Amino acid sequence: MRMGSEVKFLDAARQGKFSVTNWAANTGIGRFDAEYNPQTGQFNVTLKIHVEFRNHSLKWRDDEKLAWEPRAFRVVEDFWSKRYLFECKRPGWEKYKAQVKVTCVPSALGAAHLHLTVDKVDPNWGTQGGGVGWATTPPGCLIDNLAIEPKNQRTLRECIFNTRMVQMEEGLANRGLTAIPFAKNSADLSPQVKMKLMDYARFIHRIATKDVTGIEIYVYGGTGGTDGTFQRGLGKRRAKAVADVLDCVMRDDTAITATDSASKSAGLKNQILASLSAAAGNPVTSTNYQGVVIVPHVRPNVDRAAEMNYIVLCHEIGHMLGLPDEYMGLLHPQLTVRSNSDNLVSQTLQVAMKSGDPAQWDDNTTRKANMQAAMSDLLRQNPDVKAPTFMNQTQMLGSLQIASSSIMYAGMEVMPAHYLTLWSCLCEMTWGSIDPRHWKISPSPNNRDGIRYF
């Protein structure tokens, strides 16, 4: 027999109390309707969109309009639905879940959440950016007919690739794994080093994405120092001992090569010497080393770019879910602290904070800062959710320009943090029965790539 509070919870659902219309997030942007059914575990988010077709360089045909709208809606629905799962952790209530389903429906302008104007342009032009304007009701968004296709952003894709390289290199340096000394004539790893290697492998598993390929990890095993002269194959055994530990966690995330040859791949010797020099604190000119050097490496023939997969309309719909842009740098100090502690590129966010007196910022910058303040508050309520990477559009790290792969930057990745506004909506609807602390964002079976965040 159910407890009285659970009966009331289900009665409230039957009475339609777990539904909202024109709901707005604490970020001050976005609008949608939502309904939660605890018995089916479905959390339905509905976006009412008025589409206006406008001739630009080309003229719309009626059949093109009829085909474009449902296809655009499917692109959005497939992208934002079932990324993560809300699970109830209240003791005894663990059976209750909320799987997100986003649905776009055509709407008259007066009842719409979004007024979407679509220009028809020449396909050779390539799609342009969008942007949601909040000065009108409903808010307006101007895109073109190509905004539902992957956008080719070559420079940004290279920057995302650079970011992954920096992450992998920083991860080694932060764990003291760039150069690993071994005992004389030994290929045995200490338990402490094994723990560090497994932690690094888990880190790689978290940051590995299908859009970035071609970065390998070379594990170079050397001999030198007090090693005996006739220890045949000792360097290779050392390299293999390290590679085996990494491989047991990383598996298919990144290719790992164990080698005792410093010249196996073009440029590898220079990378090994640079790593040894960094570890020693002075220039090193020989690859003779009593231990192992780990080097993230890219072969010369690799295309140093992420896949072309950013879709403009998916980004704009993120705003309708209440999410701010992440390419404005960090504007709110509390978010700066959280992002620095959570983020996978530790140095990046330390240089992204906007300088100057906030009292002198223009209205647009202040509005962005307030959105980030709201995101900071949502993150504070969800300490197990990682903060997104807020970077500037021309973010530099040393000599490299880097970028985020997040959908709210200009990539195509949805993080758990991008479900925080939906989490907030669910918490508000079920407040009388379930404490917000008990609704947790969890991996979804439909989103295997997202598991690395947990």
- Item | Contacts under 7 angstrom Cβ, first residue in region 1-28 being farther than 15 Å from Thr40 by Cα and at pLDDT 90 or above, partner in a strand (DSSP E or B) and among the aromatic types (Phe, Trp, Tyr), 6 or more apart | Trp23/Phe32
- Filter region 13-50 for residues that are surrounded by fewer than 19 Cβ atoms within 10 Å (Cβ to Cβ), in contact with a helix residue (DSSP H, G or I) (Cβ under 9 Å, 6 or more places away or on another chain) and not in a loop (DSSP other than H, G, I, E, B) and give the result. Ser19, Val20, Glu35, Asn37, His50
- Item | Subset of region 372-391 that is buried (at least 17 other Cβ atoms within 10 Å of the Cβ) and touching a strand residue (DSSP E or B) at 6+ places or on another chain (Cβ under 9 Å) - its residue that is farthest from Cys159 (Cα to Cα) | Asn382
- Item | Residue, surrounded by the most Cβ atoms within 10 Å (Cβ to Cβ), within region 53-75, restricted to residues that are under 20 Å from Ile311 (Cβ atoms) and touching a Phe, Trp or Tyr at 6+ places or on another chain (Cβ under 6 Å) | Phe53
- Item | Members of region 424-449 that are closer than 19 Å to Leu321 by Cα, touching a residue at least 60 places away in the same chain (Cβ under 8 Å) and in a helix (DSSP H, G or I) | Ser424, Cys425, Leu426, Glu428, Met429
- Which pairs have Cβ atoms under 6 Å, sit 6 or more apart or on different chains, and link a residue in region 163-180 that is farther than 14 Å from Ile207 by Cα to one that is surrounded by fewer than 20 Cβ atoms within 10 Å (Cβ to Cβ)? Arg175/Lys196; Leu177/Lys196; Thr178/Ala279; Ala179/Ala279
- Task: Look at Asp363 and say whether it is more than 23 Å from Val414 (Cβ to Cβ), at pLDDT 80 or above and acidic (Asp, Glu).
- Result: yes
- Does region 53-80 hold any residues that are touching a residue at least 40 places away in the same chain (Cβ under 8 Å) and not charged (D, E, K, R), and which are they? Phe53, Asn55, His56, Ser57, Leu58, Trp60, Trp68, Ala72, Val75, Val76, Phe79, Trp80
- Sort out which residues of region 293-328 are outside any helix (DSSP H, G or I) and of a type in the set (D, E, K, R), and write them in order of number. Arg299, Asp303, Arg304, Glu307, Asp325, Glu326
- Message: Can you confirm whether Val212 is β-branched (Val, Ile, Thr), in contact (Cβ under 8 Å) with a residue 60 or more places away in the chain, open to solvent by less than 60 Å² (accessible area, probe 1.4 Å) and within 16 Å of Ile294 (Cβ to Cβ)?
- Response: no
- Message: Being of a type in the set (Gly, Ala, Ser), in contact with a Phe, Trp or Tyr (Cβ under 8 Å, 6 or more places away or on another chain) and surrounded by fewer than 22 Cβ atoms within 10 Å (Cβ to Cβ) is true for just one of Gly225, Gly233. Which residue is that?
- Response: Gly225
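Condition check: open to solvent by less than 10 Å² (accessible area, probe 1.4 Å) and at pLDDT 90 or above. Does Met429 satisfy that?
no
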- Note on the structure: Over region 101-125, the set of residues open to solvent by less than 50 Å² (accessible area, probe 1.4 Å), touching a helix residue (DSSP H, G or I) at 6+ places or on another chain (Cβ under 7 Å) and not in a strand (DSSP E or B) is His113, Val121
- Message: Just the residues that are in a helix (DSSP H, G or I) and open to solvent by 10 Å² or more (accessible area, probe 1.4 Å), please, taken from region 164-177.
- Response: Arg164, Met165, Val166, Gln167, Glu169, Glu170, Ala173, Asn174
- Query: Looking at Ala72, Ala98, Ala135, which one is of a type in the set (A, V, I, L, M, F, W, C) and part of a loop (DSSP other than H, G, I, E, B)?
  - Reply: Ala135
- Filter region 180-193 for residues that are farther than 13 Å from Val219 by Cβ and either small (Gly, Ala, Ser) or under 28 Å from the mean Cα position of the chain (by Cα) (or both); the one that is least open to solvent (accessible area, probe 1.4 Å) is Ser186
- Task: Check region 245-266 and report whether any residue there is in a helix (DSSP H, G or I) and open to solvent by 40 Å² or more (accessible area, probe 1.4 Å).
- Result: yes
- Task: Return the total of residues in region 138-149 being assigned to a strand (DSSP E or B) and under 16 Å from Val121 (Cβ atoms).
- Result: 4
- Message: Name the residue that is farthest from Trp60 (Cα to Cα), counting only residues in region 119-145 that are over 26 Å from the mean Cα position of the chain (by Cα) and of a type in the set (A, V, I, L, M).
- Response: Ala135
- Looking only at residues in region 392-413 that are among the hydrophobic types (A, V, I, L, M, F, W, C) and open to solvent by 30 Å² or more (accessible area, probe 1.4 Å), which one is modelled with the lowest pLDDT? Met396
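The values are calculated or read from the model by the stated rules, or taken from the named source; none is laboratory data. Since the model is a prediction, treat every value here as computed from it, not as a measurement. Ideal geometry is used to build each Cβ from the backbone, glycine not excepted, and the neighbour counts take in all protein chains shown. Just so you know, the surface numbers come from the protein's heavy atoms only, side chains and all, with ligands and any DNA or RNA stripped out. Shrake-Rupley method; radii C 1.70, N 1.55, O 1.52, S 1.80 Å.
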